[in-house]
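Reviewing the structure listed below.
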Amino acid sequence: MKKQWLVIAALLTTLTAPAATLLTEDFDYAQGEVLTDHSWFTQWGAASAISVTNGLNFEGYAGCGVGNAAVIDVAESNQLHKSFTQVTEGNLYVAFMFQPIMAYKEGYFFCLRDNKLDNQTYNFNARVFMNTEGQLGVTFAQNGNKIYGNEILDAAKTYLVVLKYTINEGSNNDAVSLYLLDTFSETEPAEPFIGPLTDAASLDIHPANIVLRGYSADIWLVVDGIRVGTTWEDAVITGVCANSVPDYSVNDSKIYVENGSVHFEVAEPNTTTKLYDMAGRCLRNEILAAGNHAIMLQKGCYILQLGNQIEKIVID
């Protein structure tokens, strides 16, 4: 009898357990490595220049501070794919942290695709765009139908983006919605940032791949902590940031940007100072004495490490 109850309990646990996250990508690879070395693939060319950079933080999200991130700063046509179990009904949610460091060219950088991976089927749906004004947008399938939100994104800020694809019965009637969060939400907001959008002139898909697309060398877009699930809760997972640090305070060293330079006051002598670009390249590595210091920088985004703590620096 005891054995029977154990079997029943196991079955009940299986039946009531929430659906698993279909894909988790924290880019836990060495900085500077390319993604085609780590289960990302493309049909157009053997490799991709999309590489690994410093990770992002978004308080409350499970991907916060875990691993590194992908930096999209190249112009190439070999869209990078990563597969998950195909979804054929209901909803699909894809969550990821996003920092729009620079966006001088308009184009889409993220989308979904099904399993029809041939060169004749251009089935790239739910395309997420950035434009030259710093706005985020989405279209169901056709570039000409894209819609941008009104908000101008802060280049120095990390957002949580959630892409929703809804599979409806019938043909050519699926829908996409886009959510943009600056604070974590455990539940799906009542209204999306954009959508839902449909397109009767475009084919529906059964999503099975996420796609990263580099479309210009004049952009720096950072994507991190990708989660794919069939419910909001499976994709937008609650977590504690793995490497949370206070803003603008590094071992009592105050940091600010002025006239194209980053200024900081080092309170402790012999503080190790490292400066990285967003491709993970170390630009400076030195030990500084206590006192005031400044580093002149070109326009862009950098990572400044003083001692054991880190700050992101934007020169605009």
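The values are calculated or read from the model by the stated rules, or taken from the named source; none is laboratory data. It should be emphasised that the depicted structure is a prediction, and the values quoted were computed from it without experimental measurement. FYI the Cβ positions are ideal-geometry reconstructions off the backbone, even for glycines, and counts take in every protein chain you see.
Tabulated results
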item	result
The listed residue being at pLDDT below 95, assigned to a loop (DSSP other than H, G, I, E, B), small (G, A, S) and surrounded by fewer than 18 Cβ atoms within 10 Å (Cβ to Cβ), out of A190, A217, A200	A217
I226, sole failed condition from (1) within 16 Å of the chain's Cα centre (by Cα); (2) buried (at least 18 other Cβ atoms within 10 Å of the Cβ); (3) over 26 Å from T85 (Cβ atoms)	(3)
Selected residue (criterion: surrounded by the most Cβ atoms within 10 Å (Cβ to Cβ)) from residues of region 85-104 that are over 17 Å from the mean Cα position of the chain (by Cα) and on the phi < 0 side of the Ramachandran plot	V87
Residues (more than 13 Å from the chain's Cα centre (by Cα), part of a loop (DSSP other than H, G, I, E, B) and in contact (Cβ under 8 Å) with a residue 40 or more places away in the chain) located in region 61-78	D73, V74, E76
Some residue of region 220-227 being at pLDDT 95 or above, touching a Gly at 6+ places or on another chain (Cβ under 7 Å), small (G, A, S) and assigned to a strand (DSSP E or B)	yes
Residues that are assigned to a loop (DSSP other than H, G, I, E, B) and surrounded by 15 or more Cβ atoms within 10 Å (Cβ to Cβ), drawn from region 158-175	T158, D174
Odd one out for T85, checked against (1) modelled with pLDDT under 95; (2) of a type outside the set (F, W, Y); (3) farther than 26 Å from V240 by Cα	(1)
Test set (1) part of a strand (DSSP E or B); (2) under 22 Å from I313 (Cα atoms) - G137 fails condition number	(2)
Any chance F58 is in contact (Cβ under 8 Å) with a residue 60 or more places away in the chain, in a loop (DSSP other than H, G, I, E, B) and crowded, with 23+ Cβ neighbours inside 10 Å	yes
Subset of region 229-242 that is of a type in the set (V, I, T) and closer than 23 Å to N173 by Cβ - its residue that is surrounded by the fewest Cβ atoms within 10 Å (Cβ to Cβ)	T231
